[in-house]
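Structure first, commentary second.
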Amino acid sequence: MSAKATPRANAAQAAAGASAAKPGGVLPTSSIGDVMKQLTPDFPDVTVSKIRFLESEGLISPRRSQSGYRRFSPEDIARLRYILTHQRDNYLPLKVIREQLEAMDAGKVTPVTAGAKSARGAVSAEQLKAAESRRLTRADVTARAGVEDSFTGSLIRMGLITADHAGFYSVDDVTIVELSARLADHGLDSRHLKSLMTIANRQYDMVSRVSEPLAHGRDVNAKQRALETAREVSALIISLNTALVKSNLG
C-alpha cells in the first residue's frame, strides 16, 4: 500500500526536491525572518503578518521548533511563493488558491500556469495594497502630477483628495490628480469627477459591509483577514466595473 500523501506534499514538490538536504537526509529549515529575506526581492509587499495569516488560514503549515518558533521547510517556502505569485499575477483570491492547492495535494489537478489570468482585465487584490508612505505637500502633489496648482486646488475643494491631520498628501493623491487631469483633457469637468467620486464612495461602502464585521473577530488574525477580504472584494468590484464598461464599448 502506498503511503498517503500529507497535506502540502504536492503543491511545492518540485521546489522542495531541488533543495539540498543536510547530512542525514534532513532538509534545512528557515526562520520567518529568513523567509522574509528570500521572498522580499520578488514580493516587496509581503509581511510577517501576511505569512502568519496564511498559516492561520491553513494554506501553509510550518513546523514549530522546541522553543515554539516557526521553522519553514523548502516546501513551505515554495508553497508561499505559489500563493503570492497567483495572488499577484493571476488575480486569484485566497479561496480559489486554497481550492487549487487542496486539489493539487490530492493529485486531482496540475498547478495553474503562471500568467494564466483568471479574468481578462481583472484587478489583483495585491494591486490594492497601500501606496508607499510619503508625506507630500500640495506643491509636491502638483509637481509630481504635472498640473497647475489651481487644478490641484479644485480637486481639494471637491474632496477628491484630502490632506491628513498634518496637512500632507499621499502618493495615491498624486495618482488621483494625474488621472483627473487626463479626464479633464478629454472634456470631463468637475460634475463628472464628482460623479466618479460618489460611485467610488458607494463601492467602498459595499466593501466595508463585507470586511468590517471580520475585523471584530476574537482571533489574532481578525484584522489581517478583514484587510485581505477588503482587498479581494475591492478588486472584484473594480474588475466587474471594468468589464461592464468594456461590454458597453462593444
Can you tell me which residues in region 139-160 are closer than 11 Å to Glu178 by Cβ and not in a helix (DSSP H, G or I)? Gly146, Val147
Under 6 Å by Cβ, and 6 or more places apart or on different chains, what pairs join a residue from region 172-185 that is surrounded by 19 or more Cβ atoms within 10 Å (Cβ to Cβ) with one that is among the polar types (S, T, N, Q)? Val177/Thr152
Taking the conditions exactly as written (basic (Lys, Arg) and not assigned by the TED database to the domain that holds Leu155), does Arg202 satisfy them or not? yes
Within region 199-218, does at least one residue satisfy the condition of being surrounded by fewer than 18 Cβ atoms within 10 Å (Cβ to Cβ) and in contact with a strand residue (DSSP E or B) (Cβ under 9 Å, 6 or more places away or on another chain)? no
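So which of Ile176, Ile156 is within 30 Å of Glu228 (Cβ to Cβ) and at pLDDT 95 or above?
On the way: Ile156 fails: within 30 Å of Glu228 (Cβ to Cβ).
Exactly one residue qualifies, and that residue is Ile176.
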Contact list please: Cβ distance under 7 Å, first residue in region 97-118 and farther than 13 Å from Tyr82 by Cβ and in a loop (DSSP other than H, G, I, E, B), second residue modelled with pLDDT of 60 or more and of a type in the set (Asp, Glu), pairs at least six apart or on different chains. Gly115/Asp89
Out of all the residues in region 55-73, is one or more of a type outside the set (Lys, Arg), surrounded by 13 or more Cβ atoms within 10 Å (Cβ to Cβ), assigned to a strand (DSSP E or B) and touching a helix residue (DSSP H, G or I) at 6+ places or on another chain (Cβ under 9 Å)? yes
Somewhere in region 184-194, is a residue in contact with a Gly (Cβ under 8 Å, 6 or more places away or on another chain) and of a type in the set (A, V, I, L, M, F, W, C)? no
Of all the residues that make up region 93-149, how many are of a type in the set (D, E, K, R), modelled with pLDDT of 85 or more and farther than 26 Å from Thr229 by Cβ? 6
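The values are calculated or read from the model by the stated rules, or taken from the named source; none is laboratory data. Everything numeric in this text was worked out from a predicted model, so none of it was measured. Cβ coordinates were reconstructed from backbone atoms using ideal geometry, including for glycine residues, and neighbour counts include every protein chain displayed.
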